[in-house]
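What follows is a single structure, written as C-alpha cells, with notes after it.
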Amino acid sequence: MSVRSPLPKGAQRPRGQTQREGIGVLAAIVLLMWAIETINTLDSNGLDRDGILARNVGHLWGIFTAPFIHESYQHLISNTIPLAFLGLIIALRGAARLAGVTLIVIVIGGIGTWLISPSGVSTIGASGLVFGYATYLLARGVFDRSLLELLTGVVVGALWGSVLLASLVPQGGISWQGHLSGAVGGVVAAYMLRRQRPQPGRPSRQPVGALSK
C-alpha cells in the first residue's frame with residue numbers, strides 16, 4: 001500500500017487554506033485566553049501570581065504564561081479587540097507566520113519585561129503581545145521592501161498609533177515596560193521573518209527536471 005502526498009513536492013498550498021489555518025490559530029489563542037480567564041475568575045484570580053516576576057530566575061516560566069492571564073474580563077476584552085484585529089492581518093499569511101510572530105514577541109517581550117519591570121509585582125496580560133503585533137505590522141514592510149505591507153503599516157499606525165503611544169506613558173497599574181518590550185519583540189520578529197532575497201550574482205536553482213534553453 002502506498003501513501004500519496006496531497007500536494008506535489010514543492011507545490012504551494014492554496015492561499016485560502018493557508019489563511020483559514022492562520023485564522024484557526026488566532027481563534028485558538030483567543031479562546032485559550034478566555035478559557036484561562038474563566039478559570040482565573042473561578043479561582044478568585046489565583047492565577048495572577050503566575051505572571052512575569054522581574055529578575056526572579058525561578059519564575060522565568062512566567063514569560064510564557066503571562067500573556068494568557070488577565071486580572072478581569074474587562075482587562076481581557078480591552079486586549080482581545082486589538083489582538084484579534086492585528087492578529088487577523090498576520091494570520092492571513094498563514095498559521096506558521098502567526099505562530100512565529102507570537103512566539104518571538106512572547107520570548108523577546110517577556111525577557112525585556114523580566115529585566116526592566118519593578119520587583120515585587122506580577123506582570124500579566126496580552127497587551128505586550130498586542131504591541132508586538134502592531135510593531136511587526138509597522139516594520140515588516142521596511143524589511144520586506146513591500147509597498148503593500150508598508151501601506152498596511154500606515155493603516156495600523158493611523159488606527160492604533162495614538163493609543164499605543166499613550167500606553168507607553170507610565171501609569172499606575174499599567175506595565176509600560178511590558179508594552180515597550182513587546183514592541184521591541186515585534187520589530188525583532190519582522191526582521192527575523194523577513195522575506196529572503198537572492199544574493200546578487202548567485203545563480204537561481206532550477207527545479208529538478210526543468211529543461212534549459
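The values are calculated or read from the model by the stated rules, or taken from the named source; none is laboratory data. All of these numbers come straight from a predicted model, not from anything done at the bench. When we count neighbours, we look across all protein chains shown, and the Cβ atoms used for this are built from the backbone with ideal geometry, even at glycine.
Values as computed for the structure displayed
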item	result
Qualifying residue in the range 112-128 (condition: within 11 Å of the chain's Cα centre (by Cα), among the β-branched types (Val, Ile, Thr) and buried (at least 16 other Cβ atoms within 10 Å of the Cβ))	no
Filter result for Val107 (within 19 Å of Arg20 (Cβ to Cβ), in contact (Cβ under 8 Å) with a residue 40 or more places away in the chain and not polar (S, T, N, Q))	no
Long-range neighbours under 7 Å by Cβ, at least six apart or interchain, first residue more than 14 Å from Ala190 (Cα to Cα) and touching a residue at least 60 places away in the same chain (Cβ under 8 Å) within the range 73-102, second surrounded by fewer than 16 Cβ atoms within 10 Å (Cβ to Cβ) and among the small types (Gly, Ala, Ser)	Ala95/Gly24
Count of residues meeting criterion [touching a helix residue (DSSP H, G or I) at 6+ places or on another chain (Cβ under 7 Å) and either under 13 Å from Val107 (Cβ atoms) or among the charged types (D, E, K, R) (or both)] in the range 49-59	3
Thr102 being among the hydroxyl-bearing types (Ser, Thr, Tyr), out of contact with any Leu (no Cβ under 6 Å at 6 or more places or on another chain), in a helix (DSSP H, G or I) and within 16 Å of Asn56 (Cα to Cα)	no
Answer from Pro118, Pro82 - the residue that is in a helix (DSSP H, G or I) and modelled with pLDDT under 95	Pro82
Residues satisfying the stated conditions in the range 87-99, i.e. more than 10 Å from Leu129 (Cα to Cα) and part of a helix (DSSP H, G or I)	Leu88, Ile89, Ile90, Ala91, Ala95, Ala96, Arg97, Leu98, Ala99
Test: Thr113 is in contact with a strand residue (DSSP E or B) (Cβ under 7 Å, 6 or more places away or on another chain) and at pLDDT 95 or above	yes
Test for Leu26: is it closer than 17 Å to Ser78 by Cα, in contact (Cβ under 8 Å) with a residue 40 or more places away in the chain and under 17 Å from the mean Cα position of the chain (by Cα)	yes
Gly132 vs. criteria touching a Pro at 6+ places or on another chain (Cβ under 7 Å) and of a type outside the set (A, V, I, L, M, F, W, C)	no
Number of the exception - Trp176 against (1) closer than 30 Å to Ser119 by Cβ; (2) crowded, with 20+ Cβ neighbours inside 10 Å	(2)
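One line per residue, one yes/no per condition, for (1) basic (Lys, Arg); (2) within 22 Å of Trp160 (Cα to Cα); (3) surrounded by 14 or more Cβ atoms within 10 Å (Cβ to Cβ):
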{"site": "Leu31", "(1), (2), (3)": "no, no, no"}
{"site": "Asp48", "(1), (2), (3)": "no, no, yes"}
{"site": "Thr65", "(1), (2), (3)": "no, no, yes"}
{"site": "His70", "(1), (2), (3)": "no, yes, yes"}
{"site": "Pro82", "(1), (2), (3)": "no, yes, yes"}
{"site": "Ile104", "(1), (2), (3)": "no, yes, yes"}
{"site": "Val107", "(1), (2), (3)": "no, no, yes"}
